[in-house]
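Engineer: If you scroll down you'll find the structure; I have some questions about it.
Any read-out appearing in this document is the output of simple, stated calculations on the displayed coordinates, not a laboratory observation. Please read these numbers as outputs of a predicted model, since none were measured by experiment. Counting neighbours? That spans all protein chains shown, and the Cβs are built from the backbone with ideal geometry, glycine included.
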Amino acid sequence: MSMDFTLNKYRELCLAIADSDYMQMTLDEYFSLDKLPEKFIIMRHDVDDEPEYALKMAHLENELKIKSTYYFRTTENVFKSNIIKEIDSLGHEVGYHYEVLDEASGNQEIAIEIFRQNLEKFRKVCDVKTIAQHGSPLIGKLNATSISGLCGICKNLLIGKKVFTNWINADIWKKYNFKDFGIKGEAYISVDFNDVIYLSDTGMNWNNKYRMKDLTNRSSTDHNSDFKVENTNDIINMIKNYKVNHIYLLVHADQWRDNLSDWIKWSVLKHIRNTGKQALKWYAHANNKNT
């Protein structure tokens, strides 16, 4: 049995999907259909870092005739127009992974202008019909995807600079309407999560304990706990055995590595990052109890 969170394991997952009776769709297709099929799987990827891994995943899916939605951030290291164009040319959907309230420090008027400008930037490269908020707890350009990034976070903490953001980027739509920008739907707001099983690989883990802002509108407990999804093999078995009819998979391409040394390095970084997230959750909970 192969290691989890590798491209080989992702290929196994895609093969299970390709061999199944599930209709596989993008978010654009989900929002466009008048009537949804009896069985379907929504495939979504958030490109938070290292878009080269998204391109590898897009080619793998294309070989198996699978279409996915790829949401790109507009940060310099992610917004690579040549990669975006190539993924789009493979038949996948490309959308905007927005973080405008973070960028505008909570100012909604500035945030919506950033959104408009970035959407225009995207549409010079490809058509954009759907969007998804970015849910990093880190402010600005801080990141925990490298040793240098972790050092930057520690440096800011030591000198008393702000590191974490409390804004939920999707809250911008409490004041504005994304449909005014020609957007069909938002990947969290516009999906009925009481109807679909939402499974996210955040933190190289399929349970929900490392999710902070990528939360759904489901009224009851998370589906992950309902079906005890602990690893990718559990999802493969779920698909092969038709345990559920409607599935929504969020896969971060940069978490699925294609060689052992890279996988070990990334796993260590993720462990450090996940520990930090757990500490932040504890800190936020403690503060809420004291207020």
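Engineer: Quick one: which of 88-94, 25-31, 44-50 comes out on top by average Cβ neighbours within 10 Å, and what's the full order, highest first?
Structural biologist: 44-50, 25-31, 88-94
Engineer: Rounded to the nearest 0.05, what FRET efficiency do residue 180 and residue 82 have when you use their Cβ-Cβ distance and R0 = 30 Å?
Structural biologist: The computed FRET efficiency comes out at 0.50.
Engineer: Right, here's the next one. Net charge within 12 Å of residue 117 by Cβ-Cβ distance, Lys/Arg positive one each and Asp/Glu negative one each, not counting residue 117 itself?
Structural biologist: Charge balance near residue 117 sits at +1.
Engineer: Expected output is a single nm value to one decimal: the length gained when fully extending between residue 267 and residue 154, i.e. 0.36 nm times separation in residues minus the C-alpha distance. What is it?
Structural biologist: On the way: separation 113, 0.36 × 113 = 40.68 nm, distance 1.96 nm.
Gain on stretching residue 267 to residue 154: 38.7 nm.
Engineer: Now for a different question. With a Förster radius of 22 Å, plug the Cβ-Cβ distance of residue 241 and residue 62 into 1/(1 + (r/R0)^6) and report the FRET value to the nearest 0.05.
Structural biologist: Computed FRET efficiency for residue 241 and residue 62 comes out at 0.25.
Engineer: Which aspartates and glutamates have a Cα less than 14 Å from the Cα of residue 121, not counting those fewer than 8 places away in the same chain?
Structural biologist: 76, 113
Engineer: Beyond a 20 Å Cα-Cα separation, which of these cross-linked pairs lie in this structure: 9/240; 35/124; 9/39?
Structural biologist: In this structure, 35/124; 9/39 exceed 20 Å between Cα atoms.
Engineer: Let me ask something else about it. Output the peptides 232-243, 247-258 sorted from most to least packed, where packing is the average of other Cβ atoms within 10 Å over each peptide's residues. Please report the intermediate quantities before stating the final value.
Structural biologist: Values: 232-243: 16.1, 247-258: 21.3.
Ranked from most to least packed, the peptides come out as 247-258, 232-243.
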